[in-house]
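Quick notes on the structure that follows.
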Amino acid sequence: MKAVIASTVILLVVVSLLPFLRPFQPDRHEDFLSMAILGEGGAAENYLVNRSVMVGEAVSWSVYVKNHRDEPAYVSVMVKILDESMTGPISESYDPSPAKAVYEVREILDEAGEWVHPFDWSIIESEENETLLTINSHEFKPFFDISEGTRHRLVFELWTFDEETNEFIFGWIADDLERDCVWNQVWFNIHEG
């Protein structure tokens, strides 16, 4: 009986001290950024009909970025167009795709801030019969043939400004000095109208 009473008293003392011990425990906050590509209607779906783009077809997406960090983040979203033979980003080694970006947009996100950027694009044929990519009314000539019959992908890489190096890096360095990165891609085929 004495053992039961002693155990109960000890348990009550420990439970009553828990609120006072909480300030001494480290926060379990994860330090990261997230990014999503949203299709028509602002959902993570309805990107393309049958994963195909017709030449001249207008496609409307959005890029969504959320800052889950305890500090503001200066971010850059770099967009690259790749064919099926080109190397994409490698998350394990934090290596971006070696392809040149065709579009970039930057934003400063407050702590816990979020940002939605419209991404309207199409593939058009110029007067010289060159295939061009338009993104938000800017025309780009891809660095390879983006003709019908080959698979392509738009790659979206999230970069952050690193104050130590004074330049953008692929991904970010978290509070615990661990590196992380995030990127997305959407594959598509091109079809003539």
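The values are calculated or read from the model by the stated rules, or taken from the named source; none is laboratory data. All figures in this text were calculated on a predicted structure; none of them were measured in a lab. Ideal geometry is used to build each Cβ from the backbone, glycine not excepted, and the neighbour counts take in all protein chains shown.
Condition test on Val77, is it within 16 Å of Trp121 (Cα to Cα) and in contact with an Asp or Glu (Cβ under 8 Å, 6 or more places away or on another chain)?
Yes, satisfied.
Are there any pairs, at least 6 apart or on different chains, whose C-beta atoms fall under 9 Å, with the first in region 158-175 and within 21 Å of Lys80 (Cα to Cα) and in a strand (DSSP E or B) and the second among the β-branched types (Val, Ile, Thr) and at pLDDT below 95, and if so, which?
Thr160/Ile173
Go through (1) part of a loop (DSSP other than H, G, I, E, B); (2) at pLDDT below 90 and name the single condition Ile123 misses.
Exception for Ile123: condition (1).
When you scan region 98-109, do you find a residue that is free of Cβ contacts under 8 Å to residues at least 40 places away in the same chain, in a strand (DSSP E or B), over 21 Å from Leu154 (Cα atoms) and in contact with a strand residue (DSSP E or B) (Cβ under 7 Å, 6 or more places away or on another chain), even just one?
Within region 98-109 (the criterion being free of Cβ contacts under 8 Å to residues at least 40 places away in the same chain, in a strand (DSSP E or B), over 21 Å from Leu154 (Cα atoms) and in contact with a strand residue (DSSP E or B) (Cβ under 7 Å, 6 or more places away or on another chain)), the answer is yes, since at least one residue qualifies.
Matching residues to (1) polar (S, T, N, Q); (2) surrounded by fewer than 16 Cβ atoms within 10 Å (Cβ to Cβ); (3) over 22 Å from Asn189 (Cα atoms):
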{"position": "Val63", "(1), (2), (3)": "no, no, no"}
{"position": "Lys80", "(1), (2), (3)": "no, no, no"}
{"position": "Met86", "(1), (2), (3)": "no, no, no"}
{"position": "Ser93", "(1), (2), (3)": "yes, yes, yes"}
{"position": "Arg106", "(1), (2), (3)": "no, yes, yes"}
{"position": "Ala112", "(1), (2), (3)": "no, yes, yes"}
{"position": "Trp121", "(1), (2), (3)": "no, no, no"}
{"position": "Ile124", "(1), (2), (3)": "no, yes, no"}
